[in-house]
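As structure tokens, the structure follows; a few thoughts come after it.
The values are calculated or read from the model by the stated rules, or taken from the named source; none is laboratory data. Just so it is clear, the model here is predicted, and its values are computed rather than measured. FYI the Cβ positions are ideal-geometry reconstructions off the backbone, even for glycines, and counts take in every protein chain you see.
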Amino acid sequence: MDPRDKVALKQLALSNALASKKAKVEARREKILNEVNRLVAEQRAIDAKMAALDEVIRARGHGPAVSARTAEAMAAAEPGAGPAVVAERPRPPPPPPPPEAAIRDRLTAALREKYLEADFGIQDFLDLMNSLAPEAHFKFETAWRVCNDLVGRRVLKVASQRMTEKGLVRRFKAVKSGG
């Protein structure tokens, strides 16, 4: 086969693949837009119901405070109204740090104090973690993960490692503060 024909066939295959991918992306985009439109319509219907219920409550003499969201819903419920702009809800606070992050500084100081000259294993490290935060009840996997994290942060270094029938066994040593 002529090299120009091979190039033309490759270009044709590539353009067909791109056209197919584009069609799939467009179909997905259309599906997502339809879902968003449906959700917006449902939200407007719910907001309109809430506004109607607020009106009934106000008519009975129990005046709830009109929130910005209720006022927007009332405006959206009117025929010919444009899209309602809904104020963002406040975001929840970030989750608290995991317990191993909370004791990292104390752990680093204890490691440098206790294991600067001697090496230690994961079980020794786990015992140290649990002695610093007995309420946490750390597991072996957590100690392994924190140990590897501290190696990455250059707080610990791997003194030795060997493979056994149970898996990889590492011994660690604390790194001096200056380097």
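Which is closer than 28 Å to Pro96 by Cβ and surrounded by 10 or more Cβ atoms within 10 Å (Cβ to Cβ), of Arg153, Arg170? Before you say what the answer is, go through the steps one by one.
Values: Arg170 fails: closer than 28 Å to Pro96 by Cβ.
The conditions single out Arg153.
Which pairs do you get when a residue that is touching a residue at least 12 places away in the same chain (Cβ under 8 Å), found in region 156-179, comes within reach of a residue that is hydroxyl-bearing (Ser, Thr, Tyr) and loosely packed, with under 12 Cβ neighbours inside 10 Å, reach meaning Cβ atoms under 6 angstrom, with the pair 6+ apart or on two chains?
Taking only residues 6 or more apart or on different chains, the pairs are Arg171/Ser160.
What do you reckon, is Lys31 modelled with pLDDT of 90 or more and in a helix (DSSP H, G or I)? Spell out the reasoning first.
Working: modelled with pLDDT of 90 or more: yes; in a helix (DSSP H, G or I): yes.
For Lys31, the condition - modelled with pLDDT of 90 or more and in a helix (DSSP H, G or I) - is met.
Considering only region 121-169, how many residues are among the basic types (Lys, Arg) and touching a helix residue (DSSP H, G or I) at 6+ places or on another chain (Cβ under 7 Å)?
The qualifying residues number 1.
Of all helices (runs of 4 or more DSSP H) completely enclosed by region 103-161, which ones contain at least 3 residues that are of a type in the set (S, T, N, Q)?
122-132
Could you run through region 98-116 and say how many residues are surrounded by fewer than 10 Cβ atoms within 10 Å (Cβ to Cβ) and either in contact with a His (Cβ under 9 Å, 6 or more places away or on another chain) or modelled with pLDDT under 85 (or both)? Give the steps one after another, and end with the answer.
Taking region 98-116 and keeping what is surrounded by fewer than 10 Cβ atoms within 10 Å (Cβ to Cβ), we get 105, 113.
Filter again for either in contact with a His (Cβ under 9 Å, 6 or more places away or on another chain) or modelled with pLDDT under 85 (or both), leaving 105.
Going through region 98-116 one residue at a time, the tally reaches 1.
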